[in-house]
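The values are calculated or read from the model by the stated rules, or taken from the named source; none is laboratory data. Just so it is clear, the structure is predicted and the values come from calculations on it, not from any experiment. A quick note on method: Cβ atoms are made from the backbone with ideal geometry, for glycine too, and the neighbour counts reach across all protein chains shown.
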Amino acid sequence: MSSYGLRLLVALLLVLLSVSRASADPASSADDKRAEFFERKIRPLLASNCYNCHSANTNSQGGLRLDDRNGMISGGNRGPALVPGQPDKSLMLRAVRQGDDDLKMPPKKHLSDEQIADLTQWIKDGAAWPAVKAPLSLGEHTAKYEKLRKEHWAWQPLRAVTVPGCNGFLSGHAIDSLIQAKLDEQHLNPVGPADRTTLIRRLSFDLTGLPPTPEEIDSFVSDPSANAYEKLVDRLLQSPAFGERWGRHWLDVARFGESTGPSRNIPYPHAWRYRDYVIDSFNADKPYDRFIQEQIAGDLLPAGSQQERDRLLVATGFLALGVKDVNQRYKVRFIMDNVDEEIDVVGRGVLGLTVSCARCHDHKFDPIPTSDYYSLAGIFRSTDQCAGVRNKMGGGGLDYYDTSMLLRLGPPAAPLPPAVTEKIDKATKSLADAKQEFEKLRKSKEGNEPGEKGQPKREIARQKVNRLQAELNSLNDPAANWPIALGVRDSKTPADTEIRIRGEAEKLGPVVPRGYLTVIPVPDARAVNPAQSGRLELAAWLTSAKNPLTSRVIVNRVWQHLFVRGLVSSVDNFGTTGDSPSHPELLDYLAAGFVRDGWSIKRLVRTLVLTAAYRRSAEAVPASVAVDPANRFLWRHSPRRLDAEEIRDAALAVSGKLDRTRPVASVAKDMKVVEMSDDGPDAKRIANVAQASVQRSVYLPLLRSLTPKALEVFDFADQTMVTGSRDATTVAPQALYMLNDPFIRRQGAATAERVLRQSQATDAKRIDLAYRLTFGRPATRAEIERVEAYLADYEEAAKKQPRPALLAKANQTGDDGRVQLTDSGAAATGQKPGGAQVKPAVANRPNAVFRNEPPADPHTAAWASFCQALLASAEFRFVR
C-alpha cells in the first residue's frame, strides 16, 4: 500500500474509533465515562450559566468562549480559563468560587457546591470534551487521488534530459536546442537577434529594474570585444540594483506588507527588516534552498554569531507578515486562520499548490486530503506567530498590540539602560498609588463627588490609572529598548492537531500526526521531531533535491521574469487546474540543472539571458503571429509593459533625481501599533512621504490598503496573497496619471532642466538627449523637426496668454509605437505589443501638465511639457 493510502486508512480508522461504542479496552472505557460525565453534568452547567455571554452566538464577553474546549484553553483577555488536569490554575474555577472581587461568575448568581465540585472533578480528569463526528467519507477520493498522483506531470520526479553536446550543468546551448525542437514541431522560424541598443535596455530593466544611461549604452554599442555582452551581464548581476529588482519579485510571492490589512489595519513597524533581508539575500546570491530553509525555520538553524542569529530570526518574517483579522472575536479562529495563511504562502509560494483548498474538505482537484492539510497545520499550530498583534473584537488604542509576540534581536542578556529602569520603577510606583486611590474612591461615596470639569472623582481616577498603565506599557515595550523583528518561534507545547470538521476551528475530529503532503513522496524525508514544531524537517523536505516541485516552481518564476510568460503560465498553480508546461523537457532540464548547480539564482539568470532565445528581437512576423500569437514557443522576444516600480524608478532616473541609497528602516517604523484609517493623519503622512520620495520604489511604505498612487495605478501586486504574476493593463487612469500627477510633472520639469543645462548644445542635440535618456535611443531626424516645431508653437502661444493651454490630444501613433507631438499637444498613446493601438482616452483640457502650477517662463514650460510627453508615451512604458 502507498504512503498516501496508508495515511488515509489511518485517518479513517481514527474516525471510526472516535464514534464507536464501548470497547473492551479499559482506557477506552474510562474515556467513555469521562465523556458521559461531561455530557450529563458539565455541558448542561455551561449551557445554563455561561453560554449567554461566552459562546459563538454571543459577543463572547472578555474575548472568552466557554462553548469550546480550545476556546477555554486559549482563554480571553485575562488568559487561559482552563488548564486541563490543574483545577487550581484554571481561572474559570476561580471565577465560580467567587473569592476574588474582580472575578465573580456567573454575574449575580452562585453555582451550588455540587456544581463546583463537578466542575473541579471534570478539570482534574483532563477536561474531556467529545469530538465532533467526522464525515465517514474521508477516504472517498482514494482511487481518484491515486490516479492523479501517477499521471499529473507536476508531482512526477524530474526526468533526465540529455542534449547532445551539453554537460550535466545548465547550458545555454542546450536551452536553445530544446526551444528549437519545439519551433520545428510547430513549423515556426525564430526571428533574428535584437540590436545592441534594444538589448541593453531590455537587459538593464530585467536585471536591475532601471534604464541604462546614455553613457552605458554608448560604451556597450561601441565595444568591439567578442564578450561585450557577457561583460554587460556580469556587471548588472553584481549591481546592488539586482537585489532590489529580484528581491521585489520574491516580496510579491511573500505577500509583503507593513500592516495587518483589511478588518482593522494595524501597522507592522518592523516589517522592513524582512524586506532588507530579502534584498540582501538576492544580492549575495544565497542558494535558493538555504533561502527557503531560513524563512521556514531560521530560528531553529544553528548560527555562528549573534549577527547571523538575528538575520535568521528576521528571515522567518516570511511566515508572520501576512494579513491578519485582528478583529476576530475568537482566539482559536484567529490562530487557525493564521495557520491557514502560513500554509497558503508555503503551498503556493514554494510548491505552486493550492493546499489551503483542503482546509474544509479533501481537495476537489488535486490529491491533497484534509488529513494532509492538518498534518501541516500541526506544524504551524506548534509555532508562535510573532507579529506583535493579538485578536480582540472591537478593540481600540493599543488593544491589538501584543509585546509578548515580538522577537528580540541582539544579545539575550543585554540589560535595560539605567535611565530606562529608573523611569520604569517610577512609573510602576505611580501606577500602584493611582490604583490604590481608584480603589478607595470606587468603594466610597466620595467617588461620586464632582472633580475636574465636573466629572466624578472615581472616573477621573480611573482615567489616571489607564494613562499611567499606558505609559508603563510603553516603557516596557521591547521595541522601545531593543531591536525587534517580526517572525516565528516554536510554541511551548508542540503537538499534533486535530482535523477541523468542515474547517470550523471549534469542531474537532481525529488527531493527525505532523508531516508532509503525500502527493509528493520524498524518499528518506525526516520524521518530525516531537519536541519541536516540525518546521526544521518541513524546510528540509521542501528543499530536498528529490522534491520535484520546489525546483520546478522557482525556475519557472525566473523564466517568467525574463521571458514575460512562464513555461508554466500559471506560476502559482502547478495542480490539475493550472496550465501544462509549453516545454516540459526544458522545464525539467532547468530544474535538475539548477539543483546540481548549487541552487544559484544568479547563475540561472546569467545562463538564460545568454541564450539566443533571450537575445531575439521583438519583431512581430505576421505569419508567426497567426500560428502562435502568445509567443508560447518563443519564436521572438515578447515585449512587456514596465511594472509599477520600473515606471516610477525610470522616471526618477531620467530626470536625474533618483537616490540610489537604501533608506534606514521605513516610514512605518515609528508608527504606534494602533488602528489606522484610510484617510487619517497617518495615512496622509504616508502618502506625502511616498509622493516626495526619490528613492527606489521597493523602499516606499507599503501598508496594506494604503498603496502609493504611483504603484497602485500600474497594477501593483496584491499584498493580501501570493502574487507570482502581476497584471499588466493599459487603461485610461494610467494616462491621466502620467499627464496630471504632481510626481510625474516634477520629473518632466526636472528632465527639462537636465537637458537645458547642456548650454553649448543646440536644440537638436538637447532633443536627442531627451530621447536617449527616456527611450535609450537617439531621436530620428523627423522626430527632432517635429519637436522643434512643437516647442516653437508652444512658446509662441505662451507669450500670448499667461497660463499656456497644453492640450493632451489622444493621437494614434505610427506602426513603431513612438510618441507623436502635434501643434495641439502631446499624445500619451502608444502601441501595445502585437500591434494593437493603445487609446488612453485622455480628455482634452487646458493646463493638463501645469494645472495650478504656472510655468516659470514660456521657454522652460515648453521643454517641460515636451519631456513630460515623452514620459507619458508608450515607448517609455514598454521594453522590447
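Restricting Ser697, Ser655 to residues that are modelled with pLDDT of 95 or more and in contact with a Leu (Cβ under 7 Å, 6 or more places away or on another chain) narrows the list to Ser697. Can Leu739 be described as more than 28 Å from the chain's Cα centre (by Cα) and not basic (Lys, Arg)? Yes. When Asp372, Asp344, Asp362, Asp337 are checked against the criterion of being part of a loop (DSSP other than H, G, I, E, B) and of a type in the set (Asp, Glu), a single residue qualifies: Asp362. Filtering the stretch 199-220 to residues that are in contact with a Leu (Cβ under 7 Å, 6 or more places away or on another chain) and either polar (S, T, N, Q) or closer than 12 Å to Leu562 by Cα (or both) leaves Leu203, Ser204, Phe205, Asp206, Leu207, Thr208.
Could we say that Arg685 is touching a strand residue (DSSP E or B) at 6+ places or on another chain (Cβ under 7 Å) and closer than 30 Å to Ala470 by Cβ here? Considered against the rule, which asks whether it is touching a strand residue (DSSP E or B) at 6+ places or on another chain (Cβ under 7 Å) and closer than 30 Å to Ala470 by Cβ, Arg685 comes out as no. Looking only at the stretch 452-481, residues that are surrounded by 15 or more Cβ atoms within 10 Å (Cβ to Cβ) and not in a helix (DSSP H, G or I) come to 2 in all. Considering (1) within 18 Å of Arg255 (Cβ to Cβ); (2) at pLDDT below 95, say which one Phe365 fails and leave the rest. The number of the failed condition is (1).
Rundown of residues vs (1) modelled with pLDDT under 95; (2) of a type outside the set (Asp, Glu), yes/no style:
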| site | (1), (2) |
| --- | --- |
| Lys150 | yes, yes |
| Cys166 | yes, yes |
| Ile179 | no, yes |
| Asn189 | no, yes |
| Thr197 | no, yes |
| Glu216 | no, no |
| Phe220 | no, yes |
| Val253 | no, yes |
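Residues in the stretch 318-332 that are at pLDDT below 95 and either in contact with a Pro (Cβ under 7 Å, 6 or more places away or on another chain) or in a helix (DSSP H, G or I) (or both) were compared, and the one that is farthest from Trp541 (Cα to Cα) is Lys331.
Set side by side, the residues Gly243, Gly261, Gly172, Gly257 differ, and just one is under 26 Å from Thr723 (Cα atoms) and modelled with pLDDT under 95, which is Gly261.
Among the residues of the stretch 335-343, is there at least one that is on the phi > 0 side of the Ramachandran plot and under 25 Å from the mean Cα position of the chain (by Cα)? No, the conditions are met nowhere in the stretch 335-343. Of all the residues in the stretch 224-240, those that are more than 26 Å from Gly724 (Cβ to Cβ) and surrounded by 21 or more Cβ atoms within 10 Å (Cβ to Cβ) number 1.
The combined condition, being over 27 Å from Ala752 (Cβ atoms) and either among the basic types (Lys, Arg) or touching a Lys or Arg at 6+ places or on another chain (Cβ under 8 Å) (or both), is fulfilled by Arg685.
Only one entry in Asp588, Asp579 is out of contact with any strand residue (DSSP E or B) (no Cβ under 9 Å at 6 or more places or on another chain), within 25 Å of Phe878 (Cβ to Cβ), in the same structural domain as Lys182 (by TED's automatic domain parsing) and not polar (S, T, N, Q), namely Asp579.
Of all residues in the stretch 286-296, count the ones that are closer than 16 Å to Ser551 by Cα and acidic (Asp, Glu). Residues in the stretch 286-296 being closer than 16 Å to Ser551 by Cα and acidic (Asp, Glu): 1 in total.
Any residue at all in the stretch 11-28 that's surrounded by fewer than 15 Cβ atoms within 10 Å (Cβ to Cβ) and at pLDDT 75 or above? No, that holds for no residue. The listed residues are Gly776, Gly724, and the only one of them that is buried (at least 16 other Cβ atoms within 10 Å of the Cβ), in contact (Cβ under 8 Å) with a residue 60 or more places away in the chain and more than 26 Å from the chain's Cα centre (by Cα) turns out to be Gly776. Residue count for the stretch 310-327, restricted to those that are more than 18 Å from Glu341 (Cβ to Cβ) and either surrounded by 24 or more Cβ atoms within 10 Å (Cβ to Cβ) or touching a residue at least 24 places away in the same chain (Cβ under 8 Å) (or both): 4. Determine whether Leu210 is part of a helix (DSSP H, G or I) and either crowded, with 18+ Cβ neighbours inside 10 Å or touching a Pro at 6+ places or on another chain (Cβ under 6 Å) (or both). The answer is no for Leu210. When residues in the stretch 679-690 are screened for being more than 21 Å from Asp252 (Cβ to Cβ) and either outside any loop (DSSP other than H, G, I, E, B) or touching a residue at least 60 places away in the same chain (Cβ under 8 Å) (or both), 8 of them pass. Tallying residues that are closer than 25 Å to Ala779 by Cβ and not basic (Lys, Arg) within the stretch 170-208 yields 13.
Of the residues in the stretch 416-428, at least one is at negative phi and over 41 Å from the mean Cα position of the chain (by Cα). Scan (1) closer than 29 Å to Asn556 by Cβ; (2) surrounded by 22 or more Cβ atoms within 10 Å (Cβ to Cβ); (3) among the polar types (S, T, N, Q) for the single condition Gln747 breaks and write down its number. The number of the failed condition is (1).
One line per residue, one yes/no per condition, for (1) within 30 Å of Gly298 (Cβ to Cβ); (2) touching a helix residue (DSSP H, G or I) at 6+ places or on another chain (Cβ under 9 Å):
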residue: His361; (1), (2): no, yes
residue: Tyr374; (1), (2): yes, yes
residue: Arg381; (1), (2): yes, yes
residue: Tyr400; (1), (2): yes, no
residue: Val420; (1), (2): yes, yes
residue: Phe438; (1), (2): no, yes
residue: Arg442; (1), (2): no, yes
residue: Gly447; (1), (2): no, yes
residue: Arg458; (1), (2): no, yes
